[in-house]
Ligand code: HEC
Ligand code: HEC
């Protein structure tokens, strides 16, 4: 209603509502007063099917009371709560207020649970069955749609169960990934590599890094270009750079496609950008640590300080 600049529609709606309730009261009053002409046996004189006589008995008292009570209830309700145009009601109740109160109540209820986690590290929380159970539920509700309910990921969404991390697998790195999000960006590199044959050669070299199917001669030919173009991000030995989210190309784990030459060629030609959303707006610091502990403890977590 607040979208209207004039009060006309507010008054219009309020008017129709009040007229409706008052009309019900008037109808009741009028029918109670009305004296229909009836025979002494309360019959109206209408008879169907030989012996089906229409009678005119007064309305049962309970029915009249119910009707009157609903009219009174309607008027009281409209006085107390918002319902008449833009009138706010005397209780000052609002949907936003109700929502905020429920949120406050909820936060007050969960605060003691998370307070117990406040001064514990991600590694400690990963060993706490209670924290892990909460982390599991947070994961199912917020992360599973991308990483899968078994956390094994799918094409484009990394598997969080294995020890392969693009952004680092230490407790701090996982916590940072979840808190601030990550954008993995590989630009199209074909122009920097050279001809289509050069691209194929580099791709074969990449496949050789993990012992995948490759042509040994082509791989040797592509080695130099890899060092010139790809090493800047993936490292001279192809083991990746967590600070850039550039994956390790030597372990045979590919997130963005199958582990074959065609996928690597596709990556070189087209590049890829993938984003992990940030969660610090949605979760408290304790919730973020519980989530990090859950993910870190799934099996692939690396000890603090590991490279
Ligand atoms: C909208 C989809 C989406 C949702 C929801 C999502 N993620 Fe991600 N996540 C991604 C993508 C995409 C990446 C990979 C980014 C890249 O390619 O660098 C990623 C990467 C990660 C990584 C880094 C993995 C590595 O190899 O270093 C972690 C850890 C992670 N997500 C945890 C979570 C957690 C915990 C949640 C829930 C709070 C979550 N994600 C929710 C899409 C999502
Ligand atoms: C500017 C940094 C940068 C350069 C240069 C670069 N890459 Fe990448 N590369 C990345 C990043 C970051 C990703 C991850 C992209 C994502 O997750 O969205 C990636 C992903 C890949 C993947 C996909 C791995 C998977 O999990 O599916 C392959 C293959 C790859 N790069 C090969 C190469 C090759 C070959 C070159 C050289 C021609 C190269 N990259 C040059 C940053 C780079």
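The values are calculated or read from the model by the stated rules, or taken from the named source; none is laboratory data. All values derive from a computational prediction rather than experimental measurement. Because the Cβ atoms are built from the backbone with ideal geometry, glycine has one as well, and the counts that use them run over all protein chains shown.
Things to note:
- Filtered by the rule that a residue be near ligand 2 (Cβ under 8 Å from one of its atoms) and over 40 Å from the mean Cα position of the chain (by Cα), the range 193-204 gives 193, 199, 202.
- Top-ranked residue in the range 54-89 [being over 20 Å from residue 26 (Cβ atoms) and over 46 Å from the mean Cα position of the chain (by Cα); ranked as modelled with the highest pLDDT]: 62
- Taking helices (runs of 4 or more DSSP H) as the structural unit, those lying wholly within the range 86-151 and holding at least 1 residues that are assigned by TED's automatic domain parsing to the domain that holds residue 172, surrounded by 13 or more Cβ atoms within 10 Å (Cβ to Cβ) and in contact (Cβ under 8 Å) with a residue 12 or more places away in the chain correspond to 122-126, 129-142, 144-147.
Listed here are the residues, each with its yes/no results for (1) within 8 Å of ligand 2 (Cβ to nearest atom); (2) more than 30 Å from residue 122 (Cα to Cα); (3) under 28 Å from the mean Cα position of the chain (by Cα).
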residue: 220; (1), (2), (3): no, yes, no
residue: 238; (1), (2), (3): no, no, no
residue: 243; (1), (2), (3): no, no, yes
residue: 251; (1), (2), (3): no, no, no
residue: 260; (1), (2), (3): no, yes, no
residue: 282; (1), (2), (3): no, no, yes
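- Positions within the range 47-63 being under 19 Å from residue 35 (Cβ atoms), in a strand (DSSP E or B) and without any contact (Cβ under 8 Å) to a residue 12 or more places away in the chain, in sequence order: 54
- Residue 234 near ligand 2 (Cβ under 9 Å from one of its atoms) and over 26 Å from residue 289 (Cβ atoms): yes
- Checking each residue in the range 135-174 for being near ligand 1 (Cβ under 9 Å from one of its atoms) and touching a helix residue (DSSP H, G or I) at 6+ places or on another chain (Cβ under 6 Å) picks out 135, 138, 139, 153, 157, 160, 167, 168, 174.
- Selection from the range 235-288 of residues that are part of a loop (DSSP other than H, G, I, E, B) and within 30 Å of residue 110 (Cα to Cα): 277, 278, 279, 280, 281, 282, 283, 284
- Yes/no for residue 186 being touching a strand residue (DSSP E or B) at 6+ places or on another chain (Cβ under 9 Å), within 13 Å of ligand 2 (Cβ to nearest atom) and at pLDDT 95 or above: yes
- Of the residues 184, 194, 222, the single one that is on the phi > 0 side of the Ramachandran plot and either in the same structural domain as residue 171 (by TED's automatic domain parsing) or touching a helix residue (DSSP H, G or I) at 6+ places or on another chain (Cβ under 9 Å) (or both) is 194.
- Annotation: of all residues in the range 242-253 being in contact with a helix residue (DSSP H, G or I) (Cβ under 6 Å, 6 or more places away or on another chain) and within 14 Å of ligand 1 (Cβ to nearest atom), the one that is farthest from residue 186 (Cα to Cα) is 249.
- Residue under evaluation residue 274, criteria (1) surrounded by fewer than 17 Cβ atoms within 10 Å (Cβ to Cβ); (2) within 37 Å of the chain's Cα centre (by Cα); (3) farther than 30 Å from residue 136 by Cα, criterion not met: (3)
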